[in-house]
Amino acid sequence: MENALIEPVKIFDTEDALYRYTARDIILLINEFTSKKGTCTLVLSGGKTPANLFRKIGTDFADKVDWDKVYIFWGDERCVPMDDEYSNYNTAYNSLIASINIPNRNIFRIHGELSPKDAADKYEETLKTFFTGEKYPSFNIMLLGLGSDGHTASLFPGSSVIDIKDKWVSEYYSENLDSWRVTLTLPVINNSRNIIFLACGEKKSSIIGKIFKGDIDNIPAGKVNPKDGKLYWYLDKKAAGGIR
Ligand code: 6PG
């Protein structure tokens, strides 16, 4: 049913083409869900890369979706206030949410202003209310970014959070970043129907090359493998440079 329009790996010559076509395909996928299932649950990724994608959606596709049927979540969040420049919610709000006609009740942010554990517990409770009775939530579309160290969401190399199976959400302290994060756990990510990795730039080429070679020891992004869904990579040529 879904994904009639997107192949597993798409590589674009330029960043602009990457964002333009990723935006188009995501909109097509959202509309397939809203038209055939009545709703679409969409998980936004964090970091800098998706901001350009969100802006493209907000400028070119704002009126192409019945946003009343779309529910927006986050894959992870930094433990900062919602108006902080490092907040993934703040990035998505400024580049997308402020440009689309979506009811506040459809937005499920991670409350980074709380203590890390309270923020994680609150988000888990929110998800368990939304996905009542499920062993794990099954999001229709899960956007993910990729760090050059192989992290995705806030699942970092060497972190014990990767092995958590009995929680949907966890807090995590990154020594390297000297900051707290809140993240969906790997079983939740892998329970999604459509996972889309979006990466651009030469800095990501080496880690992407390793993942595509199957060299995924201690590479959390390499452990993303939807058990009953589809996995897509949207890359620009520079990020795909390490794929043989
Ligand atoms: C975050 C993200 C993280 C991000 C990667 C890539 O909160 O930072 O969830 O997983 O996607 O770090 O970030 P860039 O797009 O900024 O390179």
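The values are calculated or read from the model by the stated rules, or taken from the named source; none is laboratory data. Being a predicted model, the structure only gives us computed values, none of them experimental. Ideal geometry is used to build each Cβ from the backbone, glycine not excepted, and the neighbour counts take in all protein chains shown. To get the accessible areas, we keep the full protein, side chains included, count just its heavy atoms, and leave off ligands, DNA and RNA. Shrake-Rupley method; radii C 1.70, N 1.55, O 1.52, S 1.80 Å.
Observations on the model:
- Restricting attention to region 192-216, the residues that are polar (S, T, N, Q), open to solvent by less than 70 Å² (accessible area, probe 1.4 Å) and either in a strand (DSSP E or B) or in contact (Cβ under 8 Å) with a residue 40 or more places away in the chain (or both) add up to 2.
- Filtered residues of region 125-139 (kept if open to solvent by 20 Å² or more (accessible area, probe 1.4 Å) and assigned to a loop (DSSP other than H, G, I, E, B)): Phe131, Thr132, Gly133, Glu134, Lys135, Tyr136, Ser138
- Applying the condition of being in a loop (DSSP other than H, G, I, E, B) and either open to solvent by less than 10 Å² (accessible area, probe 1.4 Å) or over 12 Å from Lys223 (Cβ atoms) (or both) to region 140-154 and asking which residue is farthest from the ligand (Cβ to nearest atom) yields Asn140.
- Screening Asn3 on (1) farther than 24 Å from Ser154 by Cα; (2) at pLDDT 95 or above; (3) of a type outside the set (Phe, Trp, Tyr); (4) open to solvent by 10 Å² or more (accessible area, probe 1.4 Å) shows it passes everything except condition (2).
- Pair list, Cβ < 9 Å and 6+ apart or interchain, from region 72-84 residues that are acidic (Asp, Glu) and part of a loop (DSSP other than H, G, I, E, B) to residues that are open to solvent by less than 10 Å² (accessible area, probe 1.4 Å) and within 13 Å of the ligand (Cβ to nearest atom): Asp84/Gly112
- Selection within region 155-191 - in a loop (DSSP other than H, G, I, E, B), of a type outside the set (Val, Ile, Thr), in contact with a Lys or Arg (Cβ under 9 Å, 6 or more places away or on another chain) and away from the ligand (no atom under 12 Å from the Cβ): Trp168, Asn190, Asn191
- Candidates Gly112, Gly150 - the one that is touching a Pro at 6+ places or on another chain (Cβ under 8 Å) and under 25 Å from Ile211 (Cα atoms): Gly150
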